[in-house]
Structure formats: structure tokens, C-alpha cells
Amino acid sequence: MSATVFTIANQKGGVGKTTTAINLSYALADQGVRTVLVDLDPQANATSGLGLEKLEGGSLYAPLCGEGGALERVQPVGANDCLFMIPSEVDMAAIEIELYQREDYLVQLREVLRPLRESDDYDAIVLDCPPALGMLSMNSLAAADYLIIALQCEYLAMEGLGQILKVVDKLRDAGVNDGLQLGGILMTMFDQRTNLGQQVVGEVRNHFDELVFRSMIPRSIRLSEAPSFGQSIFEYEPNSAGAHAYRYLAEEVIERFKLGK
Ligand code: ADP
Ligand code: MG
């Protein structure tokens, strides 16, 4: 059994990618899915959001430069037996340039992650991407089985979606990753009191139908506060609406992608 690789991508920043990477990973682990969250963003928000130190040499920077492996960089995340992480560090910012200089620069991450993916120790790998369709995000798409798009419930939400979906098609057509699939679209920062929220969800459902997860993540102060305590929402406020939504999302993800079975 190999681990299923998910990338949480969208070239837009501030749409809830990292919040989703953290809390989906945590919720999957809580349900017994052995999950490795890989922080690919030089800003390392997922790393600090789970209370991990930005250790020098702890990120995938060196492995992506051809030095050392991914397996030895996997760290347990104390609060949860099934949750592991490869942290990021500022060095990762330079990787974009490093990658350009390598042959097969699109598939470096896939190669680096191979031992992790093929290990019997993990069921899921979740990649948290920087907010741009640069080398790291491209590499994540080349390494993933499924793309999960976090989409903020706002006016013109779908603008820019076409761009990332085109990249998915191109990577597939070029044979870089012919297994890559759009795994689902997650509506984030949903406010059910506004018509706009409902309208946006309606529009996205019209286009993408059941690819849209039934679980929608509400706009919630609790979700935005938790990272400053280095905690997932399940440690910070386990009974909040945000925690319920991410728990439900994890159930859907387990069901949809037959994880840990
Ligand atoms: P990205 O990784 O796409 O840049 P983040 O997950 O970091 O996005 O979220 C951007 C900001 O919005 C952060 O300050 C985060 O705490 C906040 N945020 C994310 N999801 C929610 C939510 N559902 N409700 C309220 N604030 C949120
Ligand atoms: Mg982020």
C-alpha cells in the first residue's frame, strides 16, 4: 500500500490553504489515517501553526538540492500519534532557483517524496503550497495524486481557477503526471448569513457538481486564532463550528479516496 498524495493549491494567497492543510491533516490523523503534512511554503505558516520549530536543515530544501532524504526529516507532531510533519524554513525560498538549474526540474519533489509514499508507515501525504504557481507548486502538482483547491467564498471566487486547472491539464498531457486528478473543491470562509456566500457556492456547484465537498468551512475567528497558539483547531477549540467542519471534511476525504483501507 502506498500513501495517497494530496496537494492543497491555489495561486491566490489568503484563501485558507494552510488552515486547511493543518486541520485536514490533523483530522485525518485523528481518524487513524497516518498523515504527513509537508510544508512547502517558505513562510512556514503550517510549521509554526502546528507549533513546530523551524529547524535549520529540517525542511525539504537539502533533499530537493539532491542532498539527503525526506524520510529522515519527518517529525512526529506531539499532540497526535498519527500526525507527522516535514517543516519548512526560509531557505525554501531559494529552492525555486535551485530547481530551475536541475534537469527534470518538475519532478524533483516527486522523486524526493517517493520513499515516503512507498513506505508502509504512512497513508496520506498532504502538501501545503505557497500562494503562487511557481516551481514549488508545479512540483507539488507533479507529485500529487489529487489536487484539492481551497476556494474562498467571495465575489469572483472562480476567477483564476481556470489557470490552475489548465496547469493540471498541461502536466497531464505532457506526461509529467498522468495520474493527477482534481480531487475536490473546498469552500472556505463561508458565511451563511450572506446572500453572496450562498450565491458563490451555488455557482461553484453548478460548474463542479459533486467535486465540491459537502463540508464547507465557516468563517470563524477561532480558526484564525488557533495558529498563533501553535495549535490545530482540535486542540484550540474542539467544539467550534470550524472543528466540526474540518472533521466532516476528513470523513469525506477518507470516504472519497478510500484512505487507510
Ligand atoms: P493561505 O494559506 O491560502 O494563504 P491561510 O490558511 O493562511 O491561507 O488563511 C489566510 C488568513 O485567513 C489567515 O490569517 C487565517 O488564519 C485566516 N483564515 C483561514 N481560514 C479561515 C476561516 N475559515 N475563518 C476565518 N479566518 C480564516
Ligand atoms: Mg499558506
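The values are calculated or read from the model by the stated rules, or taken from the named source; none is laboratory data. Predicted model, so just to flag it, every value in this text is computed and none were measured. Because the Cβ atoms are built from the backbone with ideal geometry, glycine has one as well, and the counts that use them run over all protein chains shown.
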Checking GLY49, GLY14, GLY57, GLY32 in turn, the sole residue that is within 16 Å of ligand 2 (Cβ to nearest atom), out of contact with any helix residue (DSSP H, G or I) (no Cβ under 8 Å at 6 or more places or on another chain) and not β-branched (Val, Ile, Thr) turns out to be GLY14
Inside the stretch 1-36, can you point out the residues that are part of a loop (DSSP other than H, G, I, E, B), within 17 Å of ILE164 (Cβ to Cβ) and charged (D, E, K, R)?
-> LYS12
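If you take the residues in the stretch 187-241 that are of a type in the set (S, T, N, Q) and touching a Phe, Trp or Tyr at 6+ places or on another chain (Cβ under 8 Å), which one is farthest from LEU83 (Cα to Cα)? Full working, then the answer.
Of the residues in the stretch 187-241, the ones of a type in the set (S, T, N, Q) are 188, 192, 194-195, 198-199, 206, 215, 220, 224, 228, 231-232, 239-240.
Still in the list and also touching a Phe, Trp or Tyr at 6+ places or on another chain (Cβ under 8 Å): 215, 232.
Working: SER215: 22, SER232: 12 Å.
Ranking the qualifying residues of the stretch 187-241, first place goes to SER215.
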Tell me which of these ILE217 doesn't satisfy, since it passes every other one: (1) over 17 Å from GLU154 (Cα atoms); (2) under 20 Å from the mean Cα position of the chain (by Cα).
-> (1)
Mind listing just one residue for me: the one in the stretch 97-134 that is over 24 Å from ARG34 (Cα atoms) and within 16 Å of ligand 1 (Cβ to nearest atom) and, of those, surrounded by the fewest Cβ atoms within 10 Å (Cβ to Cβ)?
-> GLY134
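Tell me yes or no: at least one residue of the stretch 5-26 is free of Cβ contacts under 8 Å to residues at least 60 places away in the same chain and hydrophobic (A, V, I, L, M, F, W, C).
Taking the stretch 5-26 and keeping what is free of Cβ contacts under 8 Å to residues at least 60 places away in the same chain, we get none.
Among the residues of the stretch 5-26, not one is free of Cβ contacts under 8 Å to residues at least 60 places away in the same chain and hydrophobic (A, V, I, L, M, F, W, C), which makes the answer no.
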Considering only the stretch 44-69, state which residues are within 16 Å of ligand 1 (Cβ to nearest atom) and over 13 Å from ILE86 (Cβ atoms).
-> ASN45, SER48, GLY49, GLY51
Does SER137 count as buried (at least 22 other Cβ atoms within 10 Å of the Cβ) and not aliphatic (A, V, I, L, M)?
-> yes
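Return yes or no: is ALA157 in contact (Cβ under 8 Å) with a residue 12 or more places away in the chain and either within 16 Å of ligand 2 (Cβ to nearest atom) or under 18 Å from the mean Cα position of the chain (by Cα) (or both)?
no
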List every residue pair whose Cβ atoms lie under 7 Å apart, where the two residues are 6 or more positions apart in sequence or sit on different chains, the first residue falls within the stretch 218-235 and is over 20 Å from VAL77 (Cα atoms), and the second residue, located anywhere, is more than 16 Å from ligand 2 (Cβ to nearest atom) and not in a helix (DSSP H, G or I).
-> PRO218/PHE190; ARG219/PHE190; ARG219/ASP191; SER220/SER240; ARG222/GLU237; ARG222/SER240
Residue check, ASP41 against (1) among the charged types (D, E, K, R); (2) more than 16 Å from ligand 1 (Cβ to nearest atom); (3) in a loop (DSSP other than H, G, I, E, B); (4) modelled with pLDDT of 90 or more, all met but one. Which one?
-> (2)
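I need the full set of residues from the stretch 223-257 which are assigned to a loop (DSSP other than H, G, I, E, B) and within 16 Å of ligand 2 (Cβ to nearest atom), in order please.
Quick first cut of the stretch 223-257, residues assigned to a loop (DSSP other than H, G, I, E, B) only: 230-232, 237-240.
Those that are assigned to a loop (DSSP other than H, G, I, E, B) and within 16 Å of ligand 2 (Cβ to nearest atom): GLY230, SER232.
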Subset of the stretch 231-242 [surrounded by 16 or more Cβ atoms within 10 Å (Cβ to Cβ) and over 20 Å from LEU186 (Cα atoms)] | GLN231, GLU235, TYR236, GLU237
Of the residues that make up the stretch 3-18, is at least one modelled with pLDDT of 90 or more, surrounded by 20 or more Cβ atoms within 10 Å (Cβ to Cβ) and over 25 Å from THR188 (Cα atoms)?
-> yes
Residues in the stretch 75-90 that are of a type outside the set (Gly, Ala, Ser), assigned to a loop (DSSP other than H, G, I, E, B), over 14 Å from the mean Cα position of the chain (by Cα) and farther than 11 Å from THR35 by Cα total 1
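Residues of the stretch 54-74 being more than 15 Å from LEU37 (Cα to Cα) and surrounded by fewer than 19 Cβ atoms within 10 Å (Cβ to Cβ), which ones?
Step one: of the stretch 54-74, the residues more than 15 Å from LEU37 (Cα to Cα) are 55-57, 61-69.
Across the stretch 54-74, the qualifying residues are LEU55, GLU56, GLY57, ALA62, CYS65, GLY66, GLU67, GLY68, GLY69.
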